[in-house]
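Peer 1: Next up is a structure, given as structure tokens.
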Amino acid sequence: MRTQSIKEFLGNLSSSSPAPGGGSVAALSGALAAGLVAMVCRLTIGKKKYADVEADMLEILPHAESLREEFLQLADEDTDAFNEVMRAYGMPKETDAEKQVRGEAIQKAMHVAADVPYEVLEMCREGLELSREVASKGNTNSISDAGVSALMFYAAAFSAALNVRINLGSFSDQEDVARRSENVHDIMSVVQDLRDGVLTIVESKLG
């Protein structure tokens, strides 16, 4: 992700290879959203009209930039995790011993494959809190950008949740599945409320 052009990434995405796929797109969406938050901060910092919130923007900016980099890293990790799942499924399964080793490898790989989008989901919650801050305090000329950041964080979160859920389908531990599913549901509830809150602010400022 860090070395590819947009055109190259889209070419790989639209190929017959299943990776990169929806998980990487979810993480990339989060990175785009974080980039918009950083932009609103920079368009607010140094403006006399917003001098009273400059300290807030200076605090939010590095957080947004850190999230952007973390999302990009997770986009790559998602592809790596999927490739590891495929390697596990490709292991020999002729003998009982091989089947056991293969099964354990699949479970380990599936846990990583679920952990990556779950981390994306959690980071989107953080990101939406930043979107709310820049929508509330940032340069009103960029209020639409704050709104788009919230929508992109939400899209990233929803997409990540879907990827967690599909990977949970291969888990053997059903108690773990139930726990993780509940966590996803709880975070998505918060994420949706944050998105709606940001959009309410955006609509009020658009007039």
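The values are calculated or read from the model by the stated rules, or taken from the named source; none is laboratory data. Everything quoted here is computed from the prediction, not taken from an experiment. When we count neighbours, we look across all protein chains shown, and the Cβ atoms used for this are built from the backbone with ideal geometry, even at glycine.
Peer 1: Output the residue which, of all residues in the stretch 57-103 that are of a type outside the set (Ser, Thr, Tyr) and not in a helix (DSSP H, G or I), is nearest to Gly30 (Cα to Cα). Steps first, please.
Peer 2: Restricting attention to the stretch 57-103, the residues satisfying the condition of being of a type outside the set (Ser, Thr, Tyr) are 57-65, 67-78, 80-88, 90-94, 96-103.
Those still in the list that are not in a helix (DSSP H, G or I) too: 90-94.
Values: Gly90: 32, Met91: 34, Pro92: 37, Lys93: 39, Glu94: 42 Å.
Per the stated criteria, the residue is Gly90.
Peer 1: If you don't mind, another one. Give all pairs with beta carbons closer than 6 Å in which a residue from the stretch 35-58 that is without any contact (Cβ under 8 Å) to a residue 12 or more places away in the chain meets a residue that is not in a helix (DSSP H, G or I); count only pairs at least 6 apart in sequence or on separate chains.
Peer 2: That search, which allows pairs on different chains as well, returns Glu54/Ile45.
Peer 1: Look through Val112, Val134 and report the one residue that is buried (at least 24 other Cβ atoms within 10 Å of the Cβ) and aliphatic (A, V, I, L, M). Don't jump to the end; show me each part of the working.
Peer 2: Details: Val112 fails: buried (at least 24 other Cβ atoms within 10 Å of the Cβ).
So the residue among Val112, Val134 that is buried (at least 24 other Cβ atoms within 10 Å of the Cβ) and aliphatic (A, V, I, L, M) is Val134.
Peer 1: Whether any residue in the stretch 144-162 is in a helix (DSSP H, G or I), touching a Pro at 6+ places or on another chain (Cβ under 7 Å), closer than 25 Å to Asn183 by Cα and at pLDDT 95 or above is what I want to check. Explain how you work it out, then say what you get.
Peer 2: Let us first name the residues in the stretch 144-162 that are in a helix (DSSP H, G or I), namely 144-162.
Checking the rest, the ones that are also touching a Pro at 6+ places or on another chain (Cβ under 7 Å) come to 160.
Those left that are additionally closer than 25 Å to Asn183 by Cα: 160.
Now narrow it down to the ones that are at pLDDT 95 or above: 160.
Yes - at least one qualifying residue is present in the stretch 144-162.
Peer 1: Do the conditions hold for Phe171, that is, is it at pLDDT 95 or above and of a type in the set (Phe, Trp, Tyr)? Lay out the reasoning, then the answer.
Peer 2: On the way: at pLDDT 95 or above: no; of a type in the set (Phe, Trp, Tyr): yes.
For Phe171, the condition - at pLDDT 95 or above and of a type in the set (Phe, Trp, Tyr) - is not met.
Peer 1: In the stretch 12-36, what residues are surrounded by 18 or more Cβ atoms within 10 Å (Cβ to Cβ), outside any helix (DSSP H, G or I) and within 16 Å of the chain's Cα centre (by Cα)?
Peer 2: Of everything in the stretch 12-36, just one residue is surrounded by 18 or more Cβ atoms within 10 Å (Cβ to Cβ), outside any helix (DSSP H, G or I) and within 16 Å of the chain's Cα centre (by Cα), namely Pro20.
Peer 1: Let me ask something additional. Taking the residues in the stretch 177-207 that are among the small types (Gly, Ala, Ser) and within 30 Å of Gln107 (Cα to Cα) as candidates, determine which candidate is surrounded by the fewest Cβ atoms within 10 Å (Cβ to Cβ).
Peer 2: Of the residues in the stretch 177-207, the ones among the small types (Gly, Ala, Ser) are 178, 181, 189, 197, 204, 207.
Those still in the list that are within 30 Å of Gln107 (Cα to Cα) too: 178, 181, 189.
On the way: Ala178: 12, Ser181: 14, Ser189: 10.
Here the answer is Ser189.
Peer 1: Among all residue pairs at least 6 apart or on different chains, which show Cβ distances below 7 Å where the first residue, located in the stretch 67-89, is of a type in the set (Ser, Thr, Tyr) and the second is part of a helix (DSSP H, G or I) and surrounded by 16 or more Cβ atoms within 10 Å (Cβ to Cβ)?
Peer 2: Thr79/Ser24; Tyr89/Ile106
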